[in-house]
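The values are calculated or read from the model by the stated rules, or taken from the named source; none is laboratory data. All of these numbers come straight from a predicted model, not from anything done at the bench. Here the Cβ positions follow ideal geometry from the backbone for every residue, glycine too, while neighbour counts run over all protein chains shown.
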Amino acid sequence: MNLHAIVRGAITTVNPDRSITWLVSTGNTIETNGKQTPTYAAPATIGAQVQPSSGDDLKQIEYLNMQGIFRTVYAFGDVEGIVRPELKGGDLLQFAPALGGALRNWLVVHVLETWTPDTAGWCCVIAVLQEGSAP
């Protein structure tokens, strides 16, 4: 039973879904000077709920010693943070911090939960705002 589907109506009444851009991390390239540059697959548009991160969500990343502006994102798809065995950094999400604002880059730093039995799955991640605007 998909409980998420049952409560969708109540959730979207309070906070409508948004379309965001998802760039899946494909690893990085290493330049001759040793600098690593992250690489991403072609962007895809997905539906998501973007919410301020609660205190309980932030406790999950407490020991990562991070500062910044965080958002909790419930996304349709299998968005990932760092996957060390596959040499991938976190996925990148692009959305405006507030509706109507400029698009910004958000790095996925932690996956709180994921439910992806098929292509209709969803996940909950914490993302941190990155410098610069989205291209």
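Tell me, which residue of the stretch 50-68 that is within 13 Å of the chain's Cα centre (by Cα) and either modelled with pLDDT of 90 or more or in a loop (DSSP other than H, G, I, E, B) (or both) is nearest to ALA96 (Cα to Cα)?
Of everything passing the filter in the stretch 50-68, VAL50 is nearest to ALA96 (Cα to Cα).
Starting from the stretch 25-53, take each residue that is free of Cβ contacts under 8 Å to residues at least 40 places away in the same chain and on the phi < 0 side of the Ramachandran plot and list its partners that are exposed (fewer than 15 other Cβ atoms within 10 Å of the Cβ) and of a type in the set (A, V, I, L, M, F, W, C), counting only C-beta distances under 6 angstrom and pairs at least six apart or across chains.
Close Cβ pairs satisfying both conditions: GLN36/ILE30.
If a residue has to be in contact with a strand residue (DSSP E or B) (Cβ under 6 Å, 6 or more places away or on another chain) and on the phi < 0 side of the Ramachandran plot to count, how many in the stretch 79-96 make the cut?
Going through the stretch 79-96 one residue at a time, the tally reaches 10.
Scan (1) in a helix (DSSP H, G or I); (2) hydrophobic (A, V, I, L, M, F, W, C); (3) modelled with pLDDT under 75; (4) exposed (fewer than 10 other Cβ atoms within 10 Å of the Cβ) for the single condition ILE6 breaks and write down its number.
Single failed check for ILE6: (3).
For the stretch 73-128, enumerate the residues that are among the hydroxyl-bearing types (Ser, Thr, Tyr) and under 16 Å from ALA44 (Cα atoms).
TYR74, THR119 - these are the residues of the stretch 73-128 that are among the hydroxyl-bearing types (Ser, Thr, Tyr) and under 16 Å from ALA44 (Cα atoms).
When you scan the stretch 89-122, how many residues do you find that are at pLDDT below 90, part of a strand (DSSP E or B) and surrounded by 20 or more Cβ atoms within 10 Å (Cβ to Cβ)?
2
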